[in-house]
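Input: a single structure, listed below in structure tokens.
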Amino acid sequence: MIARLLLPLNLCILFCWGASLVAFADVAGSLTIAGNGPELRTIDSLARAFEKSNPRAYLDVVWDANSKPIEMLKSGQAHIAVTGTEAPGLSAVPIAWDGIGVLVHLSNFTKEVTKQQVADIFSGKITLWSDVGGPETKIFVIDRPRNQNIRDAFESQLGITGKITSTAKVIGSDDQVVTTVVGTLPPLSAVAYLSLNQGLSVVSGGVPVRLLPIDKVEPEGPTVKDGRYPLRRPLLLLSRKKPDPLVEAFTQFVLSPAGQQLIAEIYIPIKEK
């Protein structure tokens, strides 16, 4: 599926491009960027902005929840793979931070959990909310597809790679995850993980869900940025190590002030403004 979401850019960002136009003006050719996670909107905005700065460049953003971006990169189907973990033999450039939020229903009165308790919940060692100070209800675990980079980062950081309970329900998109947490009966039983930005958005939008503090740290942008929040993942651009002028130009644009400003609309920029 090729995503061509034409997102409006505000005047401030257009102004900021001025300093970047000269650096990328001579770039030409086609570039395919592959991904399967929640970063589509940001990556597509970056691609369209890069095309505006480079009229002779054409970027396709190929996005599918069931795709394998790293395999697409290795096979030559893509020039860049967007992931949250590095891969042997490939170059990895970090462009942003994203927290991983642990989502429950608003009626679940569990106050907080530790990182180890999160690992034990998702690996099936803890099966009742009452074991972590919550209601006398069995925990219903919601997992993500094995190929998605958010799952790779979540498992790796918790030390439970390949150990998520087999009874978990696997759901692809963040929107479906939220809908399932809200609609599960009893409603306070479900737990899931998702992009922190998406979680914060639905909470502020009045959806009856909440994000659990972990190790007494609130899940929010500043705590992700400074590393206090224990579940965060980098957003990486992976590419083959053989030099590619168009890949290098796009990467430079993403790391430029204009690119980082676009990233800041959703994620935590990797560079200080």
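Every number here is computed from the coordinates shown, using simple stated rules; none is lab data. If you're wondering where the values come from, they're calculated on a predicted model, not measured in any experiment. With ideal geometry, Cβ positions are generated from the backbone for all residues, glycine too; neighbour counts draw on all protein chains shown.
Relative contact order (percent) for the chain, with alpha-carbon contacts under 8 angstrom and 6 or more residues of separation? Mind showing how you got there, number by number?
Values: 528 pairs, mean separation 77.2, N = 273.
So the answer I get is 28 percent.
Please list, in chain and number order, the residues 5+ apart from LEU194 or on another chain whose amide H is under 5 Å from its amide H, with Hs placed from the backbone.
Placed amide hydrogens put GLY101, LEU103 under 5 Å from LEU194.
Please give, to one decimal in nm, the separation of the simple spin-label points placed at ASN66 and LYS115, each 7 Å out from Cα toward the Cβ.
Label at ASN66, label at LYS115, 3.5 nm between them.
Provide Rg over Rh for the range 97-225; use the alpha carbon set for both Rg and the Kirkwood Rh (inverse mean inverse pair distance).
Details: Rg = 13.1 Å, Rh = 14.4 Å.
Checking Rg against Rh, the ratio lands at 0.91.
Which value at 222 nm does the chain reach when only helices count, each DSSP H run of 4 or more adding -39,500 (n - 2.57), with the total divided by all residues and rounded to the nearest 500 deg cm²/dmol?
Working: 10 runs with 95 residues, N = 273.
About -10000 deg cm²/dmol.
Quick check on packing: order 235-248, 257-270 by the mean number of other C-beta atoms within 10 Å, highest mean leading. Walk me through the intermediate numbers first.
Details: 235-248: 17.4, 257-270: 20.3.
Going by the mean number of other Cβ atoms within 10 Å, highest first, we get 257-270, 235-248.
I want the antiparallel fraction of DSSP beta bridges within the chain, as a percent rounded to 5. The partial results should precede the final answer.
Values: 26 of 40 bridges.
Percent antiparallel among DSSP bridges in the chain is about 65.
Once the other residues with Cβ under 10 Å from the Cβ of ASP143 are scored (Lys, Arg +1; Asp, Glu -1), what is the net sum? Walk me through the numbers on the way to the answer.
Working: positive: ARG144, ARG146, ARG151, LYS169; negative: GLU155.
Net local charge, ASP143 excluded: +3.
Which ordering of ASP98, ASP131 is given by a fewest-first count of other beta-carbon atoms within 10 Å?
Working: ASP98 26, ASP131 14.
Ascending Cβ contact count within 10 Å gives the list ASP131, ASP98.
Treat every Asp and Glu Cβ in the range 97-225 as -1 and every Lys and Arg Cβ as +1, leave all other atoms uncharged, and give the resulting dipole magnitude about the Cα centre to the nearest 20 debye.
Numbers: 12 positive and 13 negative charges, 39 e Å.
Value, rounded to 20: 180 debye.
With point charges of +1 on the Cβ of Lys and Arg and -1 on the Cβ of Asp and Glu, referenced to the Cα centre of the chain, which listed residue (SER75, PRO208, THR180) lies farthest in the positive direction of the dipole?
The one lying farthest along the dipole's positive direction is SER75.
Give the long-range amide H neighbours of LEU235: residues separated by 5 or more places, or on another chain, with amide H under 5 Å away, using H modelled in the peptide plane at 1.01 Å from N.
Here ILE95, ALA96, TRP97, ASP98 satisfy the definition.
Under a crude label model (7 Å from the Cα following the beta-carbon direction), how far is LYS271 from GLU51 in nanometres?
Going by the 7 Å Cα→Cβ label model, 2.4 nm.
What is the set of long-range amide H partners of GLY29 at a cut-off below 5 Å, with H atoms built 1.01 Å from backbone N?
Excluding prolines and chain starts, which carry no amide H, the hits are ALA57, TYR58.
Only bridges whose two residues both fall in the range 97-225 count here: according to DSSP, what percent of them are antiparallel, nearest 5?
Numbers: 10 of 15 bridges.
Looking only at bridges with both residues in the range 97-225, the antiparallel portion is about 65 percent.
Charges only on Cβ, +1 for Lys and Arg, -1 for Asp and Glu: so what's the dipole of the chain about the Cα centre, in debye to the nearest 20?
Numbers: 27 positive and 26 negative charges, 49 e Å.
Here the size comes out at about 240 debye.
Tell me, what is the percent relative contact order of the range 26-125, built from C-alpha pairs under 8 Å that lie six or more residues apart? All intermediate terms of the calculation are to be shown ahead of the outcome.
Working: 94 pairs, mean separation 29.1, N = 100.
Dividing the mean separation by the residue count of the range 26-125 yields 29 percent.
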